[in-house]
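Worksheet: the structure to be examined is printed underneath.
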Amino acid sequence: MSNRKLIIAGNWKMNKTPAEASSFIKELKPLIKRSRNEVVCAVPFVDIQTSITAARGSRIKIAAQNMHFEEKGAYTGEVSGQMLKSMGVTYVIIGHSERREYFAETNRTVNKKVIAAYKCGLKPIICVGESLAQREAGLTAEHIRYQVKAALVGVTADQVKKAVIAYEPIWAIGTGRTATAEQAQEVCHIIRMTIKELYSKRVSSVVRIQYGGSVKADNAHELFSMEDIDGGLVGGASLKLSEFAAITAG
Ligand code: 13P
């Protein structure tokens, strides 16, 4: 077992109004009291304020699901890292496959956002993952290594230590088809070895790597017990109080 602290993050995606976010977090607080893990809720932008207020006095940290890479300017509809940081946001998800697929996010914009996040003191949760076609063609390792390297261009060793990398195979997201613990471990190990190659063994032993894709209370703990898996990025199951609380337990 490593001594990395597990990080369990709920990615709410486009769900919950500010009022719903507030009551969910207030109800979650007592349920996670005994968890030794880091608990994060990645909420929609409009829910950030009420979520931060609701989370006060608990260990729940609030994340954003995206940010723009520029500091400010004429970018209608966008939100900067500085804005998020000033509200009390801790983490920001960058490069989720839904953003890559539906909003033209590329390895280049992911890298620019990662750099911008560090600049304003946010910790990135960087998402990588292969499609089913890539997996079936035997391209998983190559694709993941490429995505990790591209996301980390220009990132220093001290910065990368604060990063979280989320391995989310696209074929497992929202499908109910979870990667087996062995499949997930294999790719998370590849991610750690890529970081070792880019930085050092010491740095690679500090970076936390999550698995995401149909994580549920009944499969989470097997996944999180694997050597290179340091928690999860949870979609659907993070919207249900008892389910998410059970995933964060431990
Ligand atoms: P599901 O847990 O709903 O499969 O979503 C995973 C995900 O995309 C988390 O970011």
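The values are calculated or read from the model by the stated rules, or taken from the named source; none is laboratory data. In this text the structure is predicted, and so the values were computed from the model without any measurement. No Cβ is skipped: glycine too gets one built from the backbone with ideal geometry, and neighbour counts run over all protein chains shown.
Exactly one condition in (1) of a type in the set (Lys, Arg); (2) within 16 Å of the ligand (Cβ to nearest atom); (3) under 16 Å from residue 229 (Cα atoms) is not met by residue 177; state its number.
Exception for residue 177: condition (3).
For the range 224-235, which residues satisfy the criterion of being surrounded by 24 or more Cβ atoms within 10 Å (Cβ to Cβ) and more than 10 Å from the ligand (Cβ to nearest atom)? Full working, then the answer.
Filtering the range 224-235 down to residues surrounded by 24 or more Cβ atoms within 10 Å (Cβ to Cβ) leaves 229-234.
If the condition is that a residue be surrounded by 24 or more Cβ atoms within 10 Å (Cβ to Cβ) and more than 10 Å from the ligand (Cβ to nearest atom), then 229, 230, 231 are the ones that fit.
Looking only at the range 183-200, decide whether some residue is within 14 Å of the ligand (Cβ to nearest atom), modelled with pLDDT of 95 or more, closer than 30 Å to residue 15 by Cβ and surrounded by fewer than 21 Cβ atoms within 10 Å (Cβ to Cβ).
So far as the range 183-200 goes, no, none of its residues is within 14 Å of the ligand (Cβ to nearest atom), modelled with pLDDT of 95 or more, closer than 30 Å to residue 15 by Cβ and surrounded by fewer than 21 Cβ atoms within 10 Å (Cβ to Cβ).
From the list 27, 71, pick out the single residue that is loosely packed, with under 15 Cβ neighbours inside 10 Å, more than 16 Å from the ligand (Cβ to nearest atom), acidic (Asp, Glu) and outside any helix (DSSP H, G or I). Before the answer, list the steps.
Values: 27 fails: outside any helix (DSSP H, G or I).
Of the residues listed, the single one that is loosely packed, with under 15 Cβ neighbours inside 10 Å, more than 16 Å from the ligand (Cβ to nearest atom), acidic (Asp, Glu) and outside any helix (DSSP H, G or I) is 71.
Confirm whether residue 238 is closer than 22 Å to residue 11 by Cβ, within 15 Å of the chain's Cα centre (by Cα), within 16 Å of the ligand (Cβ to nearest atom) and surrounded by fewer than 22 Cβ atoms within 10 Å (Cβ to Cβ). Reasoning before the result, please.
Details: closer than 22 Å to residue 11 by Cβ: yes; within 15 Å of the chain's Cα centre (by Cα): yes; within 16 Å of the ligand (Cβ to nearest atom): yes; surrounded by fewer than 22 Cβ atoms within 10 Å (Cβ to Cβ): no.
Here the answer is no, as residue 238 does not meet what is asked.
Pull out all pairs, ordered by first then second residue, where Cβ-Cβ is under 6 Å, the residues are six or more apart or on different chains, the first lies in the range 85-103 and is under 19 Å from residue 59 (Cβ atoms) and without any contact (Cβ under 8 Å) to a residue 12 or more places away in the chain, and the second is among the aromatic types (Phe, Trp, Tyr) and within 12 Å of the ligand (Cβ to nearest atom).
Correct list of pairs: empty, since none qualify.
How many residues does the range 123-166 contain that are outside any loop (DSSP other than H, G, I, E, B) and free of Cβ contacts under 8 Å to residues at least 24 places away in the same chain?
Going through the range 123-166, the residues outside any loop (DSSP other than H, G, I, E, B) turn out to be 123-128, 132-136, 140-151, 157-160, 164-166.
Now drop any that are not free of Cβ contacts under 8 Å to residues at least 24 places away in the same chain, which leaves 133-134, 136, 142-143, 158.
Looking only at that region, the number is 6.
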